[in-house]
Structure formats: structure tokens, C-alpha cells
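S.K.: Once you've had a glance at the structure underneath, I'll fire off some questions.
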């Protein structure tokens, strides 16, 4: 049986469920070379066997530990990225047995003591609040890659970036985290500039839903409701009920040219929403949201000429 996400399992929410003889992994991008990180996870098994959790492809030796508890227990793996490593792969594996394993995890930079200093806490929180996670599926990819804090939130504006920079500039130069935060703010500014340029050349009509769902073709099942544009955090967004969809045919593309489709999306329940591109002369590409936090997705696809 393939791994799945369970909305609720005891004290855990949205935990991954692994049947015996199954595994799942994720490549985490955006790490820094020669940096200490700590992988923290909570896991359990229900058949008196074990669940393996580990880290690999980080420029060092693969590391793993076993979870044998019937109740959720905490596990941690400390690892250091290699001299040129900017990613690592986290994996979970449930071996032989008749039951299942359950877990959830997080990777964070190893503690250097600064995370207890109030001004550092404020600065980190303010900078992190500018970003959301980014899911990317490339031209030759069959699955999406998740980049932690790889995109600006849809609500982030220049004023928020400037305010965050003022807070970081006021930090003591002796703080190790100051240089990292300034580098992150430069990324935020670059992403903001890119967003402005992208909006100027946007080929999607009414992509911000300022005119309701004009230019979009809606569909809904007999038991669902028609897609609609609603206000959220000062932005017009598309609202899709379960059993509904919408699409738009983009015209004016050039043959044999690679385009990028970018979308912000989220779900409010325990289901999922899929976004994708089709009918462009190649294989249909999709990216799926299963969490309720707003996240950005990118689909890169080459538009081919069909005659």
C-alpha cells in the first residue's frame, strides 16, 4: 500500500502513514554548505516492529535511526552539509510487519544560542513571515520538489520587506544570524522585483481575479457550487469547492519555448487541490496542495508546435 497522509492520528495532525514494506522521501532545498542542521521528527509504529528515519544526499554519510515505540516519540538526527551541498534528502521506511508507521518532521539549523535573544527572535520571525514554501515541477520532472521558504507570500509587499530590513540592520554585527538574515532579505527583494516584472508580461487574463472569474471556464458537479472570486487578506482569490474546477486557454505562446506557470494556493480542509497545465504539446503536469498554509507552485513546460 502506498504511503498516505492521515488528517488525525491521536495527538498528531496530517501525519504520514506508512504501511509495511513502503517508504517515502523528500529532497529539502535551500540548505547552506558546511552548516549544522538538526532533523527532528515524531514517529510511532503499531505492530511492535520499527520505522526507520534518516538523512542522505547531503554531502556526508547517510544517517538513520529507528522508532519502535507504540506512542509518538521524538527522534533527532544532527548532520552537517558538505562543502558544496545545498540540499538533503529525508527518508522514512517501514520494513516488514503487519501494521503501519506514522510520523511528521522538521529540519532546522543547529542552535548556536542566538535563538534565545529577543531581538534575534523578532528579526527571524519578521523575515520568515515574508516567505512561504515553493513547490516546483520542471520540464523533465514527474514530481514536484519542495523549497522551504522559496517564495514570497502573496500578501508580502515592498513595505514589509523594508520594515524587516530595518529590524535586521539594527541588530548587533556580532550576531552570526545577522549576515544570514541580510542575505535572506536580498532574496526577498530579488523575488519582489521578479514578481513585478512577471506581472507586466503575464499572459494569463484576469489572473488576479479582479474581474471575478471573467476569462475562466468554471465547472462543478451536481453536488458542488460554482467557482467564485472572493476577498482574502486584501487580495482577490479564486475559491473552489470540493468537486469543482476552472481553466483558461492561454493564447499567444511561441512554439518550442519554455514557459513558467506560477500559482499561489491552499486548502482549508483535509483534501487537496491540483493545479496544472495541459494541451501544450507535451505531457500534462500537475502540482498538488494538501496543507492549509498558502504555498506557491511553479510548473515549467516547453510549448511545442503540433501540426
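S.K.: Run the numbers for residue 34 and residue 235: contour at 0.36 nm per residue of separation, minus the present Cα-Cα distance, in nm.
M.R.: Values: separation 201, 0.36 × 201 = 72.36 nm, distance 4.02 nm.
Extra length available between residue 34 and residue 235 comes to 68.3 nm.
S.K.: On a full-extension model of 0.36 nm per residue, what is the gain between residue 122 and residue 260, subtracting their alpha-carbon distance, rounded to one decimal in nm?
M.R.: On the way: separation 138, 0.36 × 138 = 49.68 nm, distance 3.47 nm.
The span from residue 122 to residue 260 would gain 46.2 nm if fully extended.
S.K.: Same structure, new question: Give the calculated FRET efficiency between residue 19 and residue 200 to the nearest 0.05, with a Förster radius of 51 Å applied to their Cβ-Cβ distance.
M.R.: On the way: r = 49 Å, r/R0 = 0.96.
Calculated transfer efficiency: 0.55.
S.K.: Moving on. Please compute the volume of the convex hull spanned by the alpha-carbon atoms of segment 116-227 and report it per residue in Å³. Present the calculation step by step, with values, prior to reporting the outcome.
M.R.: On the way: hull volume 21.1 nm³, N = 112.
In segment 116-227, the Cα hull volume divided by residue count equals 188 Å³.
S.K.: Here's another thing I want to ask about it. At 0.36 nm per residue, minus the direct Cα-Cα distance, what do residue 173 and residue 228 gain on full extension? Give it in nm, one decimal, please. Mind showing how you got there, number by number?
M.R.: Details: separation 55, 0.36 × 55 = 19.80 nm, distance 4.94 nm.
That pair, residue 173 and residue 228, stretches by 14.9 nm at full extension.
Values in this text are rule-based calculations from the coordinates and carry no lab data. These numbers were taken from a predicted model, which means no experiment stands behind them. Reconstructed Cβ throughout: ideal geometry from the backbone, glycine too, with neighbour counts over all protein chains shown.
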